[in-house]
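Let me begin by presenting the structure, written as structure tokens, before commenting on it.
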Amino acid sequence: MSYLDIAPWRLLIVLGLLLVSALFVSRRAKLGLAKDLIVGAVRAALQLLAVGYFLLVLFQHQRAEWVFLVLTVMLAVAAWTSARRVDSGPATKVLVSRSLLAIAAGSALALVPVFAFVVAPTPWFDARYLIPISGMIVANAMNVVAQVNERIFASAKNDRAEIEQWLALGATAKQALGRQARGALRAALIPTINGLLTVGLVSLPGMMTGQIVSGVAPEHAIRYQIVIMYQLVIVAAVSGGTAAYLARRMLFTAREQLREL
């Protein structure tokens, strides 16, 4: 296998293009994102470099407990980030445990069977497979859960009168919140479904592109990408559905009365 190496100084070219183009748009449209763009670009590079060296050490000295620790940190950061992105719901410290449960449920269902029967690395805790693939799945779950929670809590706040009318007419909490929950889950799943429908026609996914660029035969890279795409749909559906269920539990009391948030 062969690949074209990117010298560190060449990364500065891309950084320059990013800053010039993004800062131009930000200032032209008066978005006020100049500081965030600069900080984000620098942080992304530093974080990826740090992770790269960490993974190098991890790959050379693999231990199950270290891989498990990395996966745990991934889940914790994803849950915290997902909860922080919800402006209309409960406080972050309240929402983070529910976000963790939703992300973990979807990720487990998408990852465990695949690593047990499809990819099946040897040893089973091979970090070269577990860490990158798990990262993609957990990140997708994080985004879906954040979208579902934000939309459901915002809709419940805006449509409070409608929901209470349904309850007054004898509807259950599930029925009263049904329209809002379906809308939230549908909106969160659309990007994943669009990706599934247009993969290979509109874009070549990152994992497949990276493998091909590094010298892996396209037919092998495609098989891995198919597995990833299916996993992304699984984790989006399960994590999103779990988040919607938990959000409803937080919105209503045991007597099915709508809470004040």
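Structure notes:
- Farthest towards the positive end of the charge dipole of the stretch 62-251, among the residues Val114, Leu246, Ile228, is the Cα of Leu246, using unit charges on the Cβ of Lys, Arg, Asp and Glu.
- Selection from Tyr129, Leu189, Ser88 lying farthest towards where the dipole of the chain points positive, charges on Cβ: Ser88
- Theoretical ellipticity at 222 nm over the chain - DSSP helices of four or more residues, -39500 (n - 2.57) apiece, nearest 500: -26000 deg cm²/dmol
- Residue order by solvent-accessible surface for Val39, Val114 is Val39, Val114, largest first, with ligands and nucleic acids left out and a 1.4 Å probe.
- For Val213 and Glu164, the difference between the fully extended length at 0.36 nm per residue and the C-alpha to C-alpha distance is 12.0 nm.
- Relative to the longest principal axis of the Cα atoms of the chain, helix 92-113 runs at roughly 60 degrees.
- For the stretch 122-237, taking Cα atoms only, Rg and Dmax work out to 19.4, 64 Å respectively.
- Peptides 193-201, 219-227 ranked from most to least packed by the mean count of surrounding Cβ atoms within 10 Å: 219-227, 193-201.
- Assuming charge only on the beta carbon of Lys and Arg (+1) and of Asp and Glu (-1), the dipole of the chain about its Cα centre is about 640 debye to the nearest 20.
- Candidates per trypsin sites (Lys or Arg not before Pro) in the stretch 14-96, loop by DSSP, up to 13 other Cβ within 10 Å: Lys30, Arg63
- Environment charge at Ser214 (Cβ cut-off 13 Å; Lys +1, Arg +1, Asp -1, Glu -1): 0
- Summarising the label geometry, the points placed 7 Å from Cα in the beta-carbon direction at Val202 and Asp126 lie 3.3 nm from one another.
- Asp87 accessible area, assembled protein chains, probe 1.4 Å, Å²: 130 Å²
- Take the Cα radius of gyration of the chain and divide it by 2.2 N^0.38 Å, N being the number of residues; the result is 1.17.
- List Phe252, Phe24, Phe125, ordered by accessible area with a 1.4 Å probe, largest first: Phe24, Phe125, Phe252
The values are calculated or read from the model by the stated rules, or taken from the named source; none is laboratory data. Please read these numbers as outputs of a predicted model, since none were measured by experiment. A quick note on method: Cβ atoms are made from the backbone with ideal geometry, for glycine too, and the neighbour counts reach across all protein chains shown. Only protein heavy atoms, including side chains, enter the accessible area calculation; ligands, DNA and RNA are left aside. Shrake-Rupley method; radii C 1.70, N 1.55, O 1.52, S 1.80 Å.
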